[in-house]
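Down below is the structure, laid out as structure tokens.
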Amino acid sequence: MRLSRYFLPVLKETPSEAQIVSHRLMLRAGMIKQASAGIYSWLPLGYRVLRRIEQIVHEEQVRAGHIPMLMPTLQSADLWRESGRYEDYGEEMLRITDRHGRDMLYGPTNEELITDIFRGHVGSYKDLPLTLYHIQWKFRDEIRPRFGVMRGREFLMKDGYNFDIDKEAALHAYNRHLVSYLRTYERMGLQAIPMRADSGPIGGDDTHEFLVLAETGESEVFYDSAITDLRFGDRAVDYDSVTECQAVLEEFTSRYARTDETHDESVFHAQVPEERRRSARGIEVGQIFYFGTKYSEPMGAVVVNDRGERVPVHMGSHGIGVSRLLGAIIEASHDERGIIWPEGVTPFHAGIVNLKQGDPAADAACEGLYAALVAKGLEPLYDDRSERAGAKFATMDLIGLPWRVTVGPRGLEKGVVELTSRRTGESEEVSPEAAVERLVQIYDGKR
Ligand code: ATP
Ligand code: MG
């Protein structure tokens, strides 16, 4: 993409309405624009990151054997009356009446709709296990939308639903989700810690929330500091193996880590030596639930088991806050000059800054770099505007591309360009070909 032809409305001023750094930076970097309270338009740069995050979520869900689909945003109230949640859900549910007087709602979650699909098409244990998921906009009429996309009213969520023959099989699905979520967040450059949580209006006994530690987080959390040393890394876990998934769950959840809803001071003290006890704030970026037959029973999602008996299926639901993740990643990765995108989610792989637009050698070198990167499947953002170098650097730093290639007539006389890491600020002088090679290596396996 050439910046002169792009739409990147960066703001010079710090927007006064934004209370936390991620919201400020998303507005300043021209990523989002508020449409109304808690509802945002995704401008091109923000949309790119949103799509990358979605892509990672899709890849990891499919890797775990889960099947993508798409359900609508608007749902019929009748289904929610069947589960009993139409009245229970309260004011967070946006209720709509259509022209025929039918009660509709903008889905805050999809347990009812997916259960309806399941009961209409699946009748035998032979069709299980089954996990379906989608990435779709949700609406919750939050009383206090704030912090930009972190607590929106309309927000993008991945929600997945497992259907299993019994509790044991459903708990394997739960563990499989835990493993896939650990991989997902790490690919985004995040450490998200599974913590024992409370189930809220979804219902159920087993549930973990995934929290990214950050001062601006809305949740209060208590944990054993040893948990922050755990890394999932690049291990190959067989998602069909009950023991392998169970082992990961035990490794990542056996140490004390709870949100304030389930925190128990006496257990905390008994389990964790004082020097490792931490209380902090965290951003909830996902949650997994096992809730058994809570929906299948009232809604009649029943299958015939191998003994010929009709039994309600055991279910769980599993959510990732796709749009909230942009805020969480920025909270975890920025400095005073702007965002620092982890390579896995960056909107462009590298910025090309032409120090002297109009200089034939510099222009030709930039065009060459641009074409070479594109040929390697990378997406550069080329700042080809006739701006001062300082302004170009400031824009690149603000929007947070992890790598910048700076091209100027003086370097070109020596046959070099400058490759700079946004995170460390370190630069090296290399030939344009070597810069391309380095970037290809850096992104190998990260696209
Ligand atoms: P919260 O406690 O933050 O209100 P929740 O527990 O009600 O969230 P879930 O039903 O678990 O939310 O939804 C799954 C994920 O969707 C959450 O972990 C969170 O990352 C994201 N999410 C929930 N509410 C919002 C919101 N208002 N804006 C943006 N993301 C949200
Ligand atoms: Mg939750």
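Taking 0.36 nm per residue of separation and subtracting the Cα-Cα distance, what length does fully extending Glu17 through Val304 add?
Gain on stretching Glu17 to Val304: 97.7 nm.
Using the 10 angstrom Cβ neighbour count as an exposure proxy, how do Met104, Met93 rank, fewest first?
Listing Met104, Met93 from fewest to most nearby Cβ atoms yields Met104, Met93.
To the nearest 0.05, how large is the calculated FRET efficiency for Arg276 and Ala361 if R₀ is 41 Å and r is the Cβ-Cβ distance?
Values: r = 58 Å, r/R0 = 1.42.
According to the calculation, E is roughly 0.10.
Each label point is 7 Å from the Cα along the Cα-to-Cβ direction; what then is the distance between the points at Met69 and Glu265, in nm?
Each label point lies 7 Å from its Cα, and together they span 4.8 nm.
Rank Val353, Leu128, Leu94 by how far each Cα sits towards the positive end of the charge dipole of the chain (+1 on Lys, Arg Cβ; -1 on Asp, Glu Cβ) and give me just the farthest.
In the chain, that residue is Val353.
GNM on the chain, C-alpha springs below 10 Å: top fluctuator among Phe232, Phe210, Phe139?
Phe232
With charges set only on the Cβ (+1 for Lys and Arg, -1 for Asp and Glu), what does the dipole of the range 3-338 come to about its Cα centre, in debye to the nearest 20?
Numbers: 41 positive and 53 negative charges, 308 e Å.
Dipole magnitude for the range 3-338 comes out near 1480 debye.
Excluding the sites themselves, what is the longest stretch of the chain that contains no GluC sites (Glu not before Pro) in a DSSP loop with at most 12 other C-beta atoms within 10 Å?
18-214
Using a Cα-Cα cut-off of under 14 Å, which aspartates and glutamates could be cross-linked to Lys376, ignoring same-chain neighbours fewer than 8 residues away?
The qualifying aspartates and glutamates are Glu433, Glu437, Asp444.
What 222 nm value per residue comes from the helices of the chain, counting each DSSP H run with n ≥ 4 as -39,500 (n - 2.57) and dividing by all residues, nearest 500 deg cm²/dmol?
-10000 deg cm²/dmol
Over 25 Å between C-alpha atoms is what I'm after, so list which of Lys33/Lys356; Lys12/Lys446; Lys126/Lys167; Lys12/Lys138 land there.
Those over the limit are Lys33/Lys356; Lys12/Lys446; Lys12/Lys138.
Which trypsin sites (Lys or Arg not before Pro) in the range 351-392 sit in a loop by DSSP (not H, G, I, E or B) and have at most 11 other Cβ atoms within 10 Å of their own Cβ? Could the numbers behind the result be given before it?
Working: sites: Lys356, Lys376, Arg385, Arg388, Lys392; in loops: Lys356, Lys376, Arg385, Arg388.
In loop regions of the range 351-392 (DSSP not H, G, I, E or B), the sparsely surrounded trypsin sites (Lys or Arg not before Pro) are Arg388.
Using a 7 Å offset from the Cα along the Cα-to-Cβ direction at both Arg423 and Arg81, what is the distance between the two label points in nm, to one decimal?
Placing both labels 7 Å along Cα→Cβ, they lie 5.5 nm apart.
Given Val440, Ile399, Gly319, which one lies farthest toward the positive end of the charge dipole of the range 299-447, if we put +1 on the Cβ of every Lys and Arg and -1 on the Cβ of every Asp and Glu?
Gly319
With a cut-off of at most 12 other beta carbons within 10 Å, and DSSP calling the residue loop, which trypsin sites (Lys or Arg not before Pro) in the range 95-140 qualify? Please list them.
Here the sparse-neighbourhood loop sites are Arg99, Arg102.
Taking only the alpha-carbon positions of the range 348-444 and ignoring solvent, what does the Debye formula give for the base-10 log of I(q)/I(0) at q = 0.12, 0.13, 0.19 Å⁻¹?
Each listed q maps to, in turn, -0.31, -0.37, -0.83.
Quick check for me: using +1 on Lys/Arg Cβ and -1 on Asp/Glu Cβ, what's the dipole size of the range 148-304 about its Cα centre, in debye to the nearest 20?
On the way: 17 positive and 29 negative charges, 83 e Å.
It comes to approximately 400 debye.
Under 1.5 on a/c is rounded, so check that first for the chain, then, if it is not, pick prolate when a/b is larger than b/c and oblate when it is not; a ≥ b ≥ c are the square roots of the alpha carbon gyration tensor eigenvalues. Present the calculation step by step, with values, prior to reporting the outcome.
Working: a/c = 1.95, a/b = 1.77, b/c = 1.11.
Verdict is prolate for the chain.
All of the numbers you see were taken from the coordinates with simple rules; none came from a lab. Source: prediction; values computed, not measured. A quick note on method: Cβ atoms are made from the backbone with ideal geometry, for glycine too, and the neighbour counts reach across all protein chains shown.
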